[in-house]
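So the structure is just underneath, and the comments pick up after that.
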Amino acid sequence: MKNCLYTIISFLFLGSIVAQTNPSTTITSQINWPEFMSHHDLIWEELPLQWNEGAFVGNGQIGMMIYVNKKENHITFHIGRADVTEHRNAPNKKTAIGIIGANGFTDFTRFDIGKMVLKPRGKIRSCKIRQNIWDAEITAHFVTDSGTIDLVASCPYNSYVNVVEVNSTEKSVANNSYQWSFKPGRAFPSRMTVKKMDSINYVHNPLPLLFENDGYHYCEQSLNAGGDYATVWKEQQGNKANNSVFYMTTANEIPAAKQSAIKGRQYIEEVLKDGLEKTKANSRLWWHHFYQKSFLSIPDAKMESFYWIQLYKMATCSRPDGPAVDLFGPYFRTSTWPYHWWNLNIQLTYWPVYASNHLELGENYVNIVDDNFEALLERYKEKQLGDFAWAMHNYFWQFSYDGDWKSLKEKWLPKAMKIAEAYQSKLIKNDGGKLELLPLGSPEFKGFATFPNTNYNLALLRWLLNTLIIVNDKTKAGSKDIDKWKETLADLIPFPEDSNGLMIASNQPFDRSHRHFSHLLGLYPLFQLSPDKKEDKDLVVKSVKHWHQVGNGKALLGYSFTGASLLYSSLGMGNEALDVMQQFLVDSKHPSWMLANTFYTEWDGKSPVIETPLSGAAGVMNFLLQSWGNKIRVFPAMADRWKDASFEQLRAEGGFLVSSSRKDGKTEWVKVKSLAGEPCIVKVNDWSKMVSTDKNIRITKTSVSGEFKVELKKGQDVILVPKLSANPLTISPVQNDKTYFNSYGVKKGQQLKNDQFWAD
């Protein structure tokens, strides 16, 4: 049975797949998945000398960043577990995030678990590292002045264990030519370290306890709030003196005490019982299945690699049964932002999960809101109300992309009503009878100052009320407040604007360089300004250009560019969207923006923030597929120089899986599958006609150019073409310039010039 399974899987990966959609139609897939994904592996030609250059593996809960400490001559495995946080004020939980009045800097801050280090006998001279994202494994060849060390590092998906297989040719001293040791991190708020804050009044956690028992090593970290977490490791010698397998894990059994060390040992024993090869094989199968849930290929090899690496990164950081992704996932390091941030960061982090058909990666986002809604609303209900309202937009997307109206009614609707109620208390009528918003924040503009009628909050309030009405009507929820919502929308003042476009607020122009695009949310992602209306489009175009030009753009950061790309592509301006995305990926003036391993940092490279490159992945998909305004928009923002592209099983709002191929600047075919039976309107800009290869599917042309109504039932799919033809329909990767394959990883002469660590 096992051999049969592997035979089938090998055929799917390496052969041509014929998907029979109906008796008269076939689509042939020409994707050789292992070969295609190998073009996107990260390759290091130089030693990664710090976290910002490291290779990384993870399983959504634990992981490690691998780099070299040249000064101390060792290979660092900086390990992390995403749910290891302080939990002061919440002794019975792993985190105090849901406690009203808790402080993120001290009460539910992330902790640095520590670094496992491998010290060779000789001095490390050079390396060759490959991060294989198809199998989610790292292979590394290190050369020392005493021989070589070869490593295979992995974090098997269904095991909470990091694994490093070691083979050395160094001359041995005693039994080994290399030695492992652990350097515990600090159970101390990193914000205090970074800001050099006075910690006199902070009650420090105990020092960690290190001990050994029966061949297992332990580092147990007790917490004053109760319970502990523990790192456990074991080295298993191979059949040669310089060959071994190293297992390490971190368990977090809070609120229980003295259980984490026991659990960590169990994690390792489970892998030893199953056998490493079986564990790794099962992990590879998981990753292969994960990638094949969707596909895209674009005529830009580097950007294509960037997209697939972000998908890999997101899956190493998020899993349905894990915690919501903060700014690090399992790759924590000392930083000024050691927990979840809600004024842009957590929202952008999850943007790639929806259209990529990986809603499972967004389940923990729903969980963090469900589990902590009242406390979060209390924390953000005043001047930062917009931040939590925006968070509910991601929550809405999770169900909208699934066509799940039941969850929208039962889960989203009651929460959205409470936020709308909080907004109602901040509305006042002006002399003209119009409703205005009291002063609220617009993220980070002039610090945390407040302004009346911020475009940020006006856009969020409009989206909230419009969507409440839609969900109420669709689900027949029978809300008593529906008339009030409609009246509020009718009486709400327009978006404040001046000669430069959208303002921050009615008394505050956008008059200085500023990284946030909060005043532009009315277009993306909320679409309360419509790209289909000339006056709205002109307003947003003027606003985006001014945003990037004012003050010579000196305050712009990475997400200022991924955000601008999404805004431009939503307007159908593919050339501009591509140009600004390219600026983000290749701007040599800001080397700390996009790092060689595709992580992103601020504060001179010292503080990582994960959301920016992930939002860039959403930007890549936005060139190919959009689904705002209850329409499926295929290739809506293709730059003139992008003649070819293809995608398969990307998701559209309403619960649709969409596939398409474009060759020589023309859309060849579109396939749509309805998962929920929602109304389906498909827009293909370069088609004047649309024909179904299934004569039983009814298609009606609308009054809008390139737009067609397609009548699909739940579970039904259809292939659409501009005209019937005997030509075969295929999906395949774009033929890209091989020169740009494997663009990421540290290349010759490209190591960072400065040490980008905070001093502990």
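Values quoted throughout were computed directly from the atomic coordinates according to the rules given, and no laboratory measurement underlies them. None of the values given here were measured: they were computed from a predicted structure. Quick reminder, even Gly has a Cβ in these numbers, built from the backbone with ideal geometry, and neighbours come from all protein chains shown.
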Original post:
What area, in nm² and to one decimal, does the C-alpha convex hull of segment 298-623 cast on average over all directions?
Top reply: 16.2
Original post:
Over the chain, what is the relative contact order in whole percent, taking alpha-carbon pairs under 8 Å and six or more residues apart?
Top reply: 14
Original post:
For residue 673, which aspartates and glutamates qualify as cross-link partners when the Cα separation must be under 18 Å and same-chain residues fewer than eight apart are set aside?
Top reply: 402, 404, 648, 653, 694, 707, 711, 717
Original post:
If one puts a single equal scatterer on every Cα of segment 313-436 and applies the Debye formula without solvent, what log₁₀ I(q)/I(0) results at q = 0.09, 0.13, 0.14, 0.20 Å⁻¹?
Top reply: -0.29, -0.57, -0.65, -1.16
**OP:** On a C-alpha basis, how far is the centre of segment 459-526 from the centre of segment 592-650 in Å? Whole number, if you could?
**Re:** 25
**OP:** Would you mind checking the pairs 195/753; 313/486; 93/183; 533/666; 534/713 and listing those with alpha carbons more than 31 angstrom apart?
**Re:** 313/486; 534/713
**OP:** May I ask you to give the average projected area over all directions of the convex hull of the Cα atoms of segment 624-666, in nm² rounded to one decimal?
**Re:** 2.8
Original post:
Once amide H atoms are built 1.01 Å from N in the peptide plane, which residues 5 or more positions from residue 186, or in another chain, come under 5 Å H to H?
Top reply: 112
**OP:** Using the Karplus curve 6.51 cos²θ - 1.76 cosθ + 1.60 with θ = phi - 60°, work out ³J(HN,Hα) for each residue of segment 58-63 in order, rounded to whole Hz, and write x for Gly and Pro.
**Re:** x, 10, x, 10, 10, x
Original post:
For the charge dipole of segment 298-623, defined by +1 on Lys and Arg C-beta atoms and -1 on Asp and Glu C-beta atoms about the Cα centroid, which residue among 464, 448, 584 has the Cα displaced farthest towards the positive pole?
Top reply: 448
Original post:
Which of the pairs 123/748; 701/723; 476/683; 70/240; 115/747 have their Cα atoms more than 22 Å apart in this structure?
Top reply: 476/683; 70/240; 115/747
**OP:** Measure out, as a whole number of angstrom, how far apart the alpha-carbon centroids of segment 214-277 and segment 61-78 sit.
**Re:** 18
**OP:** Starting from segment 195-248, pick out the chymotrypsin sites (Phe, Trp or Tyr not before Pro) whose DSSP state is loop and whose Cβ has at most 16 other Cβ atoms within 10 Å.
**Re:** 202
Subject >> Cα-centred dipole magnitude for segment 298-623, charges only on beta-carbon of K, R (+1) and D, E (-1), debye, nearest 20 >> reply: 240
Original post:
What percentage of all Cα-Cα pairs in segment 369-507 are separated by more than 20 Å?
Top reply: 47
Original post:
How far is the Cα center of segment 139-174 from the Cα center of segment 336-408, in Å?
Top reply: 39
Original post:
Classify segment 193-326: rounded, prolate or oblate, from the alpha-carbon gyration tensor (a ≥ b ≥ c, eigenvalue square roots; a/c under 1.5 rounded; otherwise prolate if a/b is larger than b/c)?
Top reply: oblate
Original post:
Using helices alone, what [θ] at 222 nm do you get for the chain, with -39,500 (n - 2.57) per DSSP H run of 4 or more residues, divided over all residues and rounded to the nearest 500?
Top reply: -9000 deg cm²/dmol
**OP:** Taking percent of Cα pairs over 43 Å apart as the quantity of interest, determine which of [x] 47; [y] 40; [z] 28 was computed from the displayed structure.
**Re:** [z]
**OP:** Report, by chain and number, residues whose modeled amide H sits under 5 Å from the one on residue 694, excluding near sequence neighbours (fewer than 5 apart, same chain).
**Re:** 719
Subject >> DSSP-loop GluC sites (Glu not before Pro) across segment 380-461, with at most 14 other Cβ within 10 angstrom >> reply: 382
**OP:** Taking only the C-alpha atoms, wrap a convex hull around segment 38-291 and report its volume per residue in Å³ as a whole number.
**Re:** 147
